[in-house]
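Here's the structure, in structure tokens; my notes come after.
The values are calculated or read from the model by the stated rules, or taken from the named source; none is laboratory data. Given the structure is predicted, the values throughout are model-derived calculations rather than measurements. Heads up, the Cβs are rebuilt from the backbone with ideal geometry, glycines too, and the neighbour counts pull from every protein chain shown. With ligands, DNA and RNA removed, areas are computed over all heavy atoms of the protein, side chains included. Shrake-Rupley method; radii C 1.70, N 1.55, O 1.52, S 1.80 Å.
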Amino acid sequence: MSLDALTFRPATLADTDAVVALVESAYRGDSGRRGWTTESDLLDGRRTGADEIHAVLAKPRNMILLAELDDGSGPRLLACAHIAIEDGAGYFGMFSVDPGLQNGGIGKRVLAQAERVVREQWQTPTMRMTVINVREELIQYYVRRGYLRTGRFKPFPYGDARFGLPKRDDLSFEVLEKSL
């Protein structure tokens, strides 16, 4: 698959079902196990829902960035990410690539586009994200792309099913940061 024709656009409410399906496929259940981003061994339950997508889209300086490829039969959603401005910095999260297409360069392109939006459109010089602390392989993916481990952690929201149902009691979020 050639990524030359990959296009980016902000999601609209009409994209809600497709975004939820993509995010769930990348993080939960058997489909997520095809890729390397699955959280299935750490969490059960949902990863996102229409309520969360609608809330993101309703906020200013929040976007769900979509990456699509048109194979001649119309655009196909390959990846997405939530970007926003939070506490004076860009925020990057809910990053999802179709599990069958992971390790093909799509993720790098989406991350780079998200950084461009935050830097150029929103005039913000820093991007932050949180990654589950036990996801060392994922943390190293971001470190290779210039993100620094800040030494700051946020508690995992145990008891809030909107964030999944933990299978472990040692989860937290590590804060990573990059100057853009």
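Each Lys and Arg Cβ is given +1 and each Asp and Glu Cβ -1; about its Cα centre, the chain then shows a dipole of about 480 debye. Measuring between their Cα centroids, segment 126-180 and segment 50-106 lie 18 Å from each other. Taking every protein chain into account, the accessible area of the chain amounts to 49 square angstrom per residue (probe 1.4 Å).
Packing-based ranking of 152-161, 132-141 yields 132-141, 152-161, ordered from highest to lowest mean Cβ neighbour count within 10 Å.
Counting lysine pairs in the chain whose alpha carbons fall under 25 angstrom apart, excluding pairs fewer than 8 residues apart on the same chain, gives 5. With r defined as the distance between the Cβ atoms of ASP87 and VAL134 and R0 fixed at 22 Å, what FRET efficiency is calculated, to the nearest 0.05? Efficiency for this residue pair is about 0.35. Straightening the chain between THR126 and LEU3 buys 41.6 nm, computed as 0.36 nm per residue apart minus the Cα-Cα spacing. Put simply, the amide H of LEU78, placed in the peptide plane, has neighbours under 5 Å in ALA67, GLU68, LEU69, leaving out anything fewer than 5 places away on its chain. Rounded if a/c is under 1.5, else prolate if a/b beats b/c, else oblate: with a ≥ b ≥ c from the C-alpha gyration tensor eigenvalues square-rooted, which is segment 123-180? The shape class here is prolate. Residue separation of ASP169 and ASP17 scaled by 0.36 nm, minus their Cα-Cα distance, works out to 51.6 nm of gained length. State the percentage of accessible surface on the chain attributable to carbon and sulfur atoms; use a 1.4 Å probe and exclude ligands, DNA and RNA. Exposed carbon and sulfur together represent 50 percent of the surface. What does the helix-only formula give at 222 nm for the chain: each DSSP H stretch with n ≥ 4 adding -39500 (n - 2.57), the total divided by the residues, and the result rounded to the nearest 500 deg cm²/dmol? Taken over the chain, the calculation gives -7000 deg cm²/dmol. Counting 0.36 nm for each residue step from ARG145 to ASP71 and taking away their Cα separation leaves a gain of 23.7 nm.
Values [x] 15.3, 44; [y] 15.6, 47; [z] 25.9, 90 are given for comparison; Rg and Dmax of the Cα atoms in Å, derived from the coordinates here, is the one labelled [y].
The share of C-alpha pairs in segment 75-180 whose separation exceeds 23 Å stands at 31 percent.
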